[in-house]
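Remarks on the structure that follows.
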Amino acid sequence: MTRLFFAGPLSADTTIRLDADASHHALRVLRLERGDVIELFNGDGLRYPATLLDTDARAANVQTGRPVEAFTESPLPLGLAQALPSGDKMDWVVEKAIELGVHTIQPLMSSRSILRLDASRTEKRLAHWRRIAIAACMQCGRDRVPEICAPVDLARWLIDRRRIAKDHSDTSTAGFVLSPRGSTRLCEIVKPASVTPQSATWILVGPEAGLSDQEESLAIECGWQPLRLGPRILRTETAGLAALAALQARFGDL
């Protein structure tokens, strides 16, 4: 079934005009024809069967049917705090983390990050990652688009999260910081007592050169638990995904 994202409200038994990108993808890339059935979603958790009414690649019209709830969201809320890797590795991280069921992705600028973004580049990269998130949801069947937060300084983010937790009298562990020096292993993690979108289990991953000693110490001071992923050193674009997959297998829906 072809799935398309529609950035607007959806309702049953309505004629919807697709935007130029969706129309081009459906008719020029996928070669769909009048009368073909597709699925529309807009991130509200529902999917709408729809029938293609015409073949205008600039603005095709579709007729929606009754919405369906697919239950593709993981019962384990997961957050990935990823220090920015070099090149386009973050594209891979965003795509695969969403396939693995992550709820929120927070890009971070650490002291050892090779990639440096000014305000203009940050805005462009964020828009790019959000487009990748939508495409990943189209492919893997998710009907809620995970939040991709704007990149922020790692140390400031840790301190802000600690302050917010204190303001809400939250004494739970902030999450797990991946560290080759960590003493905790994945098999030793206990299932979270409270499982809500507000109490996500977070994984913090450093860049290619790892977190600095000061950053790792700050994370631990802020309540993050050092976690070691076995005896091998994983690449930054592998480590977070491996941790997400393992947590999903233990406590989620894999």
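Taking the helices alone, the chain has a mean residue ellipticity at 222 nm of -9500 deg cm²/dmol, built from -39,500 (n - 2.57) per DSSP H run of at least 4 residues and averaged over all its residues. Taking chymotrypsin sites (Phe, Trp or Tyr not before Pro) across region 40-108, the ones in a DSSP loop with at most 15 further Cβ atoms lying within 10 angstrom of their Cβ are PHE71.
Across the chain, the relative contact order, built from alpha-carbon pairs under 8 Å that are at least six residues apart, equals 21 percent. For THR184, the residues 5 or more places off, or on other chains, whose built amide H falls under 5 Å of its own are ARG228. Can you tell me which of ARG130, ARG161, ARG232 moves the most in a GNM of the chain? Springs connect C-alpha atoms under 10 Å apart. In this elastic network of the chain, the residue with the biggest mean-square fluctuation among ARG130, ARG161, ARG232 is ARG232. Counting only Cβ charges, +1 for Lys and Arg and -1 for Asp and Glu, the dipole size of the chain around its Cα centre is about 460 debye. In the chain, taking the dipole from charged Cβ atoms about the Cα centre, the farthest positive-side position among ILE164, PHE41, ILE220 is held by ILE220.
Which one of ASP118, ASP88, ASP44 has the biggest mean-square fluctuation once the chain is modelled by GNM with Cα springs under 10 Å? Of ASP118, ASP88, ASP44, the Gaussian network model singles out ASP118 as fluctuating most.
Phi angles of region 24-30 translate, via the Karplus equation with coefficients 6.51, -1.76, 1.60 and θ = phi - 60°, into HN-Hα couplings of 4, 4, 5, 9, 9, 8, 8 Hz per residue; Gly and Pro are given as x. In units of the compact-protein estimate 2.2 N^0.38 Å, region 2-69 shows a Cα radius of gyration of 0.97. Under a 5 Å amide H cut-off, with hydrogens placed 1.01 Å from N, ASP153 pairs with MET109 among residues at least 5 apart or on other chains.
Which loop-located trypsin sites (Lys or Arg not before Pro) does region 20-129 contain, where loop means any DSSP state but H, G, I, E or B and the Cβ has at most 16 other Cβ atoms within 10 Å? Answer in residue order: ARG31, ARG34, ARG58, ARG112, ARG116. Cross-link partners of LYS124 among lysines, defined as those whose alpha carbon lies under 26 angstrom from its own and excluding same-chain residues fewer than eight positions apart: LYS89, LYS96. Residues whose amide H comes within less than 5 Å of that of PHE6, counting only those at least five positions distant or on another chain, are PHE41, ASN42 (H built at 1.01 Å from N in the peptide plane).
Rule-based calculations on the coordinates, nothing more; no lab input. Because the structure is a prediction, the values reported are computed rather than measured. No Cβ is skipped: glycine too gets one built from the backbone with ideal geometry, and neighbour counts run over all protein chains shown.
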